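Notes follow once the structure below has been shown.
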Amino acid sequence: MAEPQNQLASLYRQDILSVDQFSRPDLEALFSLTEQIIKHPGGFAHRLDGAIMSAIFYEASTRTSSSFLAAQQRLGGGVIPITGVQYSSVSKGETLDDTIRTLGEYSDVIVIRHPEVGAARQAADATHVPVINAGDGIGEHPTQALLDAFTIYEKLGNIDDKTVTMVGDLKHGRTVHSLARLLTNYDNVHINFVAPEGLQMPNDIRKEVEDRGIASTSADNVTDVIGDSDVVYVTRVQKERFESDEEYQAVNGSYTVTPEVMEKARHDMILMHPLPRVGEIATSVDSDPRAAYFDQVRFGMYVRAALLSAVQTLPN
Ligand code: NCD
């Protein structure tokens, strides 16, 4: 296997648009660097001295935006945060290309979230600096999948041979689209898809991951499969992607993980959620040692720090 640091040279000045860019050696190297940053944060405090990250969010965000901003600054870098585009020239009607081209003149990397699939790719074509996709509509959310995989790896010691149950709005959820694809890098992974009527995982993604070695099944209810799951990954119904409020209300609240549901789960499994939750996991589950969603929050900053380091610096 390639030496981890050298392996990361392949990410230097690269756009990060999809999980499909990552090979297993890339993931191992990135996770190894993430662990080093967690263990020795002081050793990385000047890694990005003088480097500037712009973060422009055309959609709501708490964790993704703040963790990117924190990560860049914890490594010594500076930030241009545009997390409310209504106060930028976007509100004057400026095109995406012109906005991104402008930010590219001031920064070493640009992080973008946008409601349209393909917007991150369009942004990458508009500038000479690397662009990181922080979520493009119902498309992809590659850095969330990286932190999700890192969380499974840290909490369970391995990702091979795991059964992962994805619950919720699998049609619109970009986190599950990216995570399902990323899991194809691992051996003998089984995915259970559990979605309300009409919100199933899109067939093209399901076929793509099956063609790449993932065994998958569907279930109507999380309680049918929770006892066989190493990971249960719950997502919210993506309200903002529905045509009408009636359509949303028809499926909202149709599944909730409670302590009673968790009684059916194994002792060595983990319960994950990208957050925000809006009722899919009862707060009474939070004290359960299997609840890993706030571990995801913490790890997210470190995984993004490792990625920002790899994109902006060559391994030393
Ligand atoms: C997710 C997103 O934006 O796709 N949030 C996140 O980045 N942690 C999940 C969601 O909004 O449901």
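Evaluate the following for Thr165: is it β-branched (Val, Ile, Thr) and near the ligand (Cβ under 10 Å from one of its atoms)? No: the conditions fail for Thr165. A search for C-beta distances below 6 Å between a residue of segment 45-68 that is under 19 Å from Arg298 (Cβ atoms) and touching a residue at least 24 places away in the same chain (Cβ under 8 Å) and any residue that is within 13 Å of the ligand (Cβ to nearest atom) and basic (Lys, Arg), counting only pairs 6+ apart in sequence or on different chains, returns Ser61/Arg113; Ser67/Arg304; Phe68/Arg304. The set of residues from segment 79-118 being touching a strand residue (DSSP E or B) at 6+ places or on another chain (Cβ under 8 Å), among the polar types (S, T, N, Q), more than 16 Å from the ligand (Cβ to nearest atom) and assigned to a loop (DSSP other than H, G, I, E, B) comprises Ser88, Ser107.
Counting residues in segment 65-87 that are modelled with pLDDT under 95 and among the polar types (S, T, N, Q) gives one or more.
If you go through segment 223-240 and keep only what is surrounded by 21 or more Cβ atoms within 10 Å (Cβ to Cβ), within 16 Å of the ligand (Cβ to nearest atom) and either acidic (Asp, Glu) or assigned to a loop (DSSP other than H, G, I, E, B) (or both), you end up with Thr235, Val237. Scanning segment 119-154 for residues that are more than 16 Å from the ligand (Cβ to nearest atom) and assigned to a loop (DSSP other than H, G, I, E, B) yields Thr127, His128, Val129, Pro130.
Set side by side, the residues Ser65, Ser61, Ser32 differ, and just one is of a type outside the set (A, V, I, L, M, F, W, C), within 16 Å of the ligand (Cβ to nearest atom) and in a helix (DSSP H, G or I), which is Ser65.
To keep it simple, each residue is scored yes or no on (1) free of Cβ contacts under 8 Å to residues at least 12 places away in the same chain; (2) surrounded by 21 or more Cβ atoms within 10 Å (Cβ to Cβ); (3) out of contact with any strand residue (DSSP E or B) (no Cβ under 8 Å at 6 or more places or on another chain).
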{"site": "Asp169", "(1), (2), (3)": "no, yes, yes"}
{"site": "Asn192", "(1), (2), (3)": "no, yes, no"}
{"site": "Lys207", "(1), (2), (3)": "yes, no, yes"}
{"site": "Asp211", "(1), (2), (3)": "yes, no, yes"}
{"site": "Ser218", "(1), (2), (3)": "no, no, no"}
{"site": "Tyr248", "(1), (2), (3)": "yes, no, yes"}
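Among residues of segment 11-23 that are part of a loop (DSSP other than H, G, I, E, B), those with a beta-carbon under 7 Å from a residue that is modelled with pLDDT under 95 and among the aliphatic types (A, V, I, L, M) at least six positions away or on a different chain give the pairs Tyr12/Leu314.
For segment 128-152, residues that are crowded, with 20+ Cβ neighbours inside 10 Å and either in contact with a Cys (Cβ under 8 Å, 6 or more places away or on another chain) or more than 19 Å from Arg63 (Cα to Cα) (or both) total 2.
Of the numbered conditions (1) of a type in the set (S, T, N, Q); (2) in a helix (DSSP H, G or I); (3) buried (at least 19 other Cβ atoms within 10 Å of the Cβ), Ser54 fails exactly one; give the number of that condition. Just one mismatch for Ser54, condition (2). The one condition from (1) in contact (Cβ under 8 Å) with a residue 40 or more places away in the chain; (2) over 13 Å from the mean Cα position of the chain (by Cα); (3) within 30 Å of Val189 (Cα to Cα) that Ile159 does not meet is (1). Reported count of residues in segment 252-307, each being within 15 Å of the ligand (Cβ to nearest atom), of a type in the set (Asp, Glu) and in contact with a helix residue (DSSP H, G or I) (Cβ under 7 Å, 6 or more places away or on another chain), is 1.
The values are calculated or read from the model by the stated rules, or taken from the named source; none is laboratory data. These numbers come from a predicted model, not from an experiment. When we count neighbours, we look across all protein chains shown, and the Cβ atoms used for this are built from the backbone with ideal geometry, even at glycine.
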